[in-house]
1. Which percentage, to the nearest 5, of the DSSP beta bridges contained in the protein assembly as shown is antiparallel?
2. On a C-alpha basis, how far is the centre of region A:40-57 from the centre of region A:88-125 in Å? Whole number, if you could?
3. Assuming a strict under-30 Å limit between Cα atoms, what lysine pair count do you get for region A:250-403 once near-sequence pairs (fewer than 8 apart, same chain) are dropped?
4. Using a 10 Å cut-off on Cβ to Cβ distances, tally the other chain neighbours for every residue of A:338-348 and report the average as a whole number.
5. Please list, by residue number, everything in region A:67-108 whose backbone N is under 11 Å from a paramagnetic label point 7 Å out along Cα→Cβ of A:GLN251.
6. Within 10 Å of each Cβ of A:354-366, how many other protein chain Cβ atoms are there on average?
7. As an exercise, find the ratio Rg/Rh for region A:137-217 from alpha-carbon atoms, using the Kirkwood inverse-distance average for Rh.
8. State, to one decimal in nm², a quarter of the convex hull surface area for the C-alpha atoms of the protein assembly as shown, i.e. the direction-averaged projected area.
Amino acid sequence: MSGFDVNQVRKDFPILHQEVRGRPLVYLDSAATAQKPQAVIDALVRFYQHDNANVHRGVHVLSERATEAYEGARETVRRFINARDAKEVVFVRGTTEAINLVAQTYGRKHIGAGDEVLITQMEHHANIVPWRMLCEQTGAVLKVIPVDDRGELVLDAVDALLTERTRILAVTHVSNALGTVVPVKELTRRAHAKGVPVLVDGAQAVTHFPVDVQDLGCDFYAFSGHKMFGPTGIGVLYGRKERLEAMPPYQGGGDMILSVTMEKVTYNRVPYRFEAGTPNLEGAVGLAAAIRYLEALGMENVAAHDRELLAYATKALASVPGLRMVGTAREKSAVLSFMLADVHPHDVGTILDREGICIRTGHHCAQPVMQHFKVPATSRASLALYNTREDVDALVRALHKVLEVFQ
Amino acid sequence: MSASDDLKDLYQEVVLEHSKRPRNYRVVEGATAEAAGHNPLCGDQLVVTLKVEGGVIKDVAFQGQGCAISKASASLMTGAVKDRTRAEAEDLFERVHKLVTEGPESVDVDALGKLAVLSGVSEFPARVKCASLAWHTLRAALEGHGEAVSTE
């Protein structure tokens, strides 16, 4: 793996070099939020020290610089996901807002009573609740692609669920609770064959492997800055230009209009039509810095590291007595969700925390998939580009300690 | 105090024993009141059923799923409030709540009997909700509003 040395990478993340509870910090919760490299932290500071001003309106030098930084970030995102046009990149607060935006604009315009919205059993609440709300508002019906006991989608069920009433397919690229990588390119092909547009929740994908929206062919792709080593409060909705142009505005306010009289408002062109108010400038600048950081490492190298570490961790956890993995898809990303004997995940999390190990415990905002596996909660360790085999070894040692406490 | 001592205080023998073999894990026959409790953070859910006669809790039981701390607290609670008046149960909740939030120095621990084993929770702020869930649910049942209570 040329250009990727995890020990060098770790040096880029200042937060990792501390002791907690008297032990070296082991951070295994990057699927919740990822840590930030110094390059991102520096970009935020530099923006406020040198370039801060409002965008798209000032005639002064700082406004020009801030506009350049903000629109430059849009171009950086375009390159990262290989969109055709930077106008297809809408800045939002995060994945959740991106999906709500599509549900409330595209959805309110094109989806009516008796129409169907197709999602999957393994969605995060962010890709369930906005559609549930739309269904309540319009009388549309929510349909669900089931998962099997490995945590893979039942692909045989898809064609029958894509009916003449289906108006959108909204599907995750990687399950945050199980780690399953969903074949979204294949699903998009099948949906498009029936004229159904596709939204992909890419929050857990863009951080682990290269994503090319033109190759996937999807109509919308949503992701968050903070899970890919950028700041919180910034995210992206990619939308094919012809889709975005046919959509009504989302929120009203400044920046999203061309002209306003008390009688009539003319809306701005895309993507500005969807960015009412002063945008999250520092967020966009920080996100662009995170993308440049990932590009310098190489997403293929990141993917190879994550794959290798997942294989190591999967094997290591299998050696822990009484540990049952929840989610054993053949194509998995770096998420390890598990039950440990009859110990409740909350108790596992507390004991690990005292060993300096941060994991997530709970339902991971994905209660329907927890219900499928008949568990109220799991323990979830998630890996990122700065994690090492030593981190995994520390986790395994701590899980043995949990078993000692509860034996 | 070391990390490991904190853990021993939290997961005391009695706590582990009650979580594995909870007392009064059933539904009270001929219950006069019941309430459901829910901790959305971790998905813990339990139902408390009661029989109150002449202002006294004659029988109390719980059922549900949760972590060791929430189960042990529920189990210990059922033992502690039986044959108590509503006011006494309410007073006990006040003192248990103080114990798990402010620590053993804040209350007369000896007067709490077995419930004193919950004192370790005070070193773990994230677990106070677990220890309190059954008690909030008991209070809802005593107050007789049928809505599910939540720790959020």
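Please treat every number below as a calculation from the coordinates, not as lab data. Nothing here was measured: the structure is a model prediction, and the numbers come from that model. Glycine also receives a Cβ, built like all others from the backbone with ideal geometry; neighbour counts cover every protein chain displayed.
1. Roughly 70 percent of the DSSP beta bridges within the protein assembly as shown come out antiparallel.
2. Value for the Cα centre distance between the two parts: 31 Å.
3. Pairs that pass both the separation and distance tests number 6.
4. Mean partner shielding for this stretch: 4.
5. In region A:67-108, the label zone of A:GLN251 (backbone N under 11 Å from the point 7 Å along Cα→Cβ) covers A:92-94, A:97.
6. Other-chain Cβ atoms within 10 Å of each residue's Cβ, averaged: 2.
7. 0.96
8. The orientation-averaged projected area of the Cα hull of the protein assembly as shown comes to 29.8 nm².
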